[in-house]
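K.L.:
Before we start, here is the structure in question, set down as structure tokens.
None of the figures in this text is laboratory data; all of them are computed from the coordinates on show. Please read these numbers as outputs of a predicted model, since none were measured by experiment. Note that each Cβ is placed from the backbone with ideal geometry, even for glycine, and that neighbours are counted across all protein chains shown.
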Amino acid sequence: MEFDWHSRLHPSVADAIGQTPLVELSRLVARAGLSGRLLAKLEYLNPGFSKKDRIGRQMLEDAEAQGQLRPGQTVVELTSGNTGTGLAIVCAVKGHPFVAVMSRGNSVERARMMAALGAEVALVDQAPGSRPGEVSGVDLALVEQAAQRIVRERGAFRADQFRLEGNFRAHYRHTGPELLAQAGCAIDGFCDFAGTGGSFAGCAAALKERNPATGCFLVEPEGAAVLAGQPLTQPSHPIQGGGYAIADLPALRPGLVDGYIQVSGAEATAATRELARTEGVFAGFSSGANVAAAKRMLAGAFAGRTVAVLLNDSGLKYLSTDLWPG
Ligand SMILES: Cc1ncc(COP(=O)(O)O)c(C=O)c1O
């Protein structure tokens, strides 16, 4: 009998993170009149309903191994909700108090879920002029200031997803190799909407290690594509979890980025809704951004080839937004 990860007994829910299903989106590809294959990794089936559970576990395991995290020490992180949820889960299992520092611009489901998992949630007001549901780089800078203050006050460990190697390592050691093992065919292209860039970099490094010709594309919001070298004209967008217009992402490594794709908020929204209706896949805005970008790849240089994406978090996290009209 084939080894089945999910049928085995796990000592804790933290051990059930990862090994998510890979699904072919053939209905969506056919509907768009495209040729080629689109493979989607259902990261929303992680225990915290996002790919960020993976980095929550990896960052804390690395810190324990390096003697940087003491038993019972408080953990603090800046989060759009998903990393915080992953950390809240792993902290609950390992017995660490956890403080999640989050912008008021992120959806309320996220704060409620972290609180339910035992986290203390510190909400930070958005900058004047920012819109709820649209968290910009300026809003994020305010959250960063608050996170640094709380770390100082509590003598806490900062699970800094923008700087810690565990972010990259979670995807390099697990997500990327899982994609390769599950695909059963060559993966010609990969694209990913960047927040910290950790998922992109970790997966791209693993894919290119197997086949250096794999084309890896960074996805950014239209008007905030600073990694692609474009001017910042539209800092606000609905694609929560990334697109912060930060030009220098420590997780990104030279040689991994073969190109850049820009996706508008409307395009990401439409693709997320299409995913739900056409494929029965209930994911969030950034998953739609990845699918919209992958469709562009299949319509262009990757026609007839295989492109893989991550579907980052669950559509349930956006019930309070206008993603799902009533
Ligand atoms: C929903 C969602 N999409 C995309 C991202 C970006 O992932 P990464 O930080 O690995 O670039 C995040 C990060 O928090 C996220 O929560």
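K.L.:
Between Thr278 and Ala65, what is 0.36 nm times their sequence separation minus the Cα-Cα distance? Round to one decimal in nm.
P.N.:
72.3 nm
K.L.:
For Gln148 and Arg27 in the same chain, what is the full-extension length gain: residue separation times 0.36 nm, less their Cα-Cα distance, in nm?
P.N.:
Between Gln148 and Arg27, full extension yields an extra 38.9 nm.
K.L.:
Looking only at region 302-326, which residues have a backbone nitrogen under 19 Å from a spot 7 Å from the Cα of Trp5 in the C-beta direction?
P.N.:
Answer for this model: 308-314.
K.L.:
What share of all Cα pairs of the chain, in percent, falls into each consecutive 20 Å distance bin?
P.N.:
With 20 Å bins starting at 0, P(r) equals 34, 60, 6.
K.L.:
Restricting the count to DSSP beta bridges whose residues both fall in the chain, what percent are antiparallel, rounded to a multiple of 5?
P.N.:
15
K.L.:
About its Cα centre, what dipole magnitude does the chain give when the only charges are +1 on Lys and Arg Cβ and -1 on Asp and Glu Cβ, stated in debye to the nearest 20?
P.N.:
160
K.L.:
Just to confirm the number: angle between the C-alpha axis of helix 285-299 and the first principal axis of the chain, 0 to 90 degrees, nearest 10?
P.N.:
For 285-299 against the chain, the angle is about 20 degrees.
K.L.:
Most mobile of Val307, Val291, Val151 per a Gaussian network model of the chain (Cα springs, under 10 Å)?
P.N.:
Comparing Val307, Val291, Val151 in a Gaussian network model of the chain, the most mobile one is Val151.
K.L.:
Calculate how steeply helix 82-94 sits against the longest principal axis of the alpha-carbon atoms of the chain, using the helix alpha-carbon long axis, and give the answer as 0 to 90 degrees to the nearest 10.
P.N.:
The angle comes out near 50 degrees.
K.L.:
Tell me which lysines have Cα within less than 27 Å of Lys208's Cα, excluding those fewer than 8 residues away on the same chain?
P.N.:
In chain and number order, the partners are Lys41, Lys51, Lys52, Lys295.
K.L.:
What length, rounded to one decimal in nm, is gained on full extension from Ala115 through to Ala213, with 0.36 nm per residue of separation minus their alpha-carbon distance?
P.N.:
That pair, Ala115 and Ala213, stretches by 30.9 nm at full extension.
K.L.:
Using mean Cβ contacts within 10 Å as the protection proxy, how do 154-167, 52-65 order, highest first?
P.N.:
In decreasing order of mean packing, 154-167, 52-65 become 52-65, 154-167.
K.L.:
Something else about it: Just from its helices, what would the mean residue ellipticity at 222 nm be for the chain, if runs of 4 or more DSSP H residues each count -39500 (n - 2.57) and the sum is divided by every residue, rounded to the nearest 500 deg cm²/dmol?
P.N.:
Value at 222 nm, helices only, nearest 500: -10500 deg cm²/dmol.
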